[in-house]
1. Looking at (1) over 30 Å from residue 26 (Cβ atoms); (2) crowded, with 17+ Cβ neighbours inside 10 Å; (3) among the β-branched types (Val, Ile, Thr), which is the only condition residue 82 fails?
2. What about residue 144, is it touching a Gly at 6+ places or on another chain (Cβ under 9 Å), basic (Lys, Arg) and either closer than 15 Å to residue 34 by Cβ or in contact (Cβ under 8 Å) with a residue 12 or more places away in the chain (or both)?
3. Looking for something assigned to a loop (DSSP other than H, G, I, E, B), under 24 Å from residue 26 (Cα atoms) and of a type in the set (D, E, K, R) - is there at least one such residue anywhere in the stretch 64-79?
4. Can you tell me which residue is farthest from residue 52 (Cα to Cα) among those in the stretch 102-129 that are part of a loop (DSSP other than H, G, I, E, B) and in contact with a strand residue (DSSP E or B) (Cβ under 7 Å, 6 or more places away or on another chain)?
5. Right, residue 44: surrounded by 14 or more Cβ atoms within 10 Å (Cβ to Cβ), in contact with an Asp or Glu (Cβ under 7 Å, 6 or more places away or on another chain) and either part of a loop (DSSP other than H, G, I, E, B) or modelled with pLDDT under 90 (or both) or not?
6. Taking the options 99, 133, 168, name whichever one is in a helix (DSSP H, G or I), on the phi < 0 side of the Ramachandran plot, in contact (Cβ under 8 Å) with a residue 40 or more places away in the chain and not basic (Lys, Arg).
7. Six or more apart or on different chains, Cβ under 6 Å: which pairs go from a residue in the stretch 1-28 that's in contact (Cβ under 8 Å) with a residue 24 or more places away in the chain and over 13 Å from residue 70 (Cβ atoms) to one that's among the hydroxyl-bearing types (Ser, Thr, Tyr) and outside any strand (DSSP E or B)? Could you list them?
8. Quick check, is residue 143 crowded, with 20+ Cβ neighbours inside 10 Å, of a type in the set (A, V, I, L, M, F, W, C) and farther than 21 Å from residue 92 by Cβ?
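The values are calculated or read from the model by the stated rules, or taken from the named source; none is laboratory data. Since this is a predicted model, take the numbers as computed values, not measurements. Glycine gets a Cβ as well: all are built from the backbone with ideal geometry, and neighbour counts include every protein chain shown.
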Amino acid sequence: MPLPKCVKVDFYDHASAQALREEGWREIGVLDQWSGKIIGAERGAKRGQDRGWAAGRIEEFGFTGRLWRDPEIPRFTAMAETRGLILGIEDSRFFAINSDGFAIVTRQGETLRLNLVGVLKKGSGVAQDLINSAVSALGTTWFRAGTYSDNLAARRLYEVMGLERKYSERVFHK
């Protein structure tokens, strides 16, 4: 199945959102972009571990990305795309804590961008440890991440880590 076309519009651009709906686009969710300065210490995550074990346990991590949210995307397609993300993001770094979770980040100048994070136990501190380890290991404190507005665990994590929500976008598929 080919992936759907994807369009993002500013959360407050109601006219564009309505026009997209009228043209048959499906609203998938509201994506919040977070950024800020993080001061953290490396706390147990290891850089460069094998990505294969994470790719093989996709269903256990409970992802909420746009493909997982779209009821018209078969689960096997969402899983295949997430596996590809884990295994193949150019210039990314992989961090893991035992088998409890992983993070994939990309350095963009002085900013670290979170591409994907997966933890088995929400609220266990593993995601924060992964982010702190990545920031420390890659020598930067500026951090960017996106999450859907209804992902309360991620929102809480970013707030605790000192990030601020900078803007929101509506995500549409066709």
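1. (1)
2. On the way: touching a Gly at 6+ places or on another chain (Cβ under 9 Å): yes; basic (Lys, Arg): yes; either closer than 15 Å to residue 34 by Cβ or in contact (Cβ under 8 Å) with a residue 12 or more places away in the chain (or both): yes.
So residue 144 passes the test.
3. Kept after step one, since they are assigned to a loop (DSSP other than H, G, I, E, B), are these residues of the stretch 64-79: 64-65, 70-74.
Filter once more, so that each one left must be under 24 Å from residue 26 (Cα atoms): 64-65, 70-74.
Still in the running and of a type in the set (D, E, K, R): 70, 72.
Yes, because at least one residue in the stretch 64-79 is assigned to a loop (DSSP other than H, G, I, E, B), under 24 Å from residue 26 (Cα atoms) and of a type in the set (D, E, K, R).
4. Of all residues in the stretch 102-129, those part of a loop (DSSP other than H, G, I, E, B) come to 109-110, 120-125.
Filter once more, keeping what is in contact with a strand residue (DSSP E or B) (Cβ under 7 Å, 6 or more places away or on another chain): 110, 120.
Numbers: 110: 28, 120: 16 Å.
For the stretch 102-129, the residue satisfying everything is 110.
5. yes
6. Numbers: 99 fails: in a helix (DSSP H, G or I); 168 fails: in a helix (DSSP H, G or I).
So the residue among 99, 133, 168 that is in a helix (DSSP H, G or I), on the phi < 0 side of the Ramachandran plot, in contact (Cβ under 8 Å) with a residue 40 or more places away in the chain and not basic (Lys, Arg) is 133.
7. From the stretch 1-28, the pairs are 9/16.
8. Numbers: crowded, with 20+ Cβ neighbours inside 10 Å: yes; of a type in the set (A, V, I, L, M, F, W, C): yes; farther than 21 Å from residue 92 by Cβ: no.
The answer is no for residue 143.
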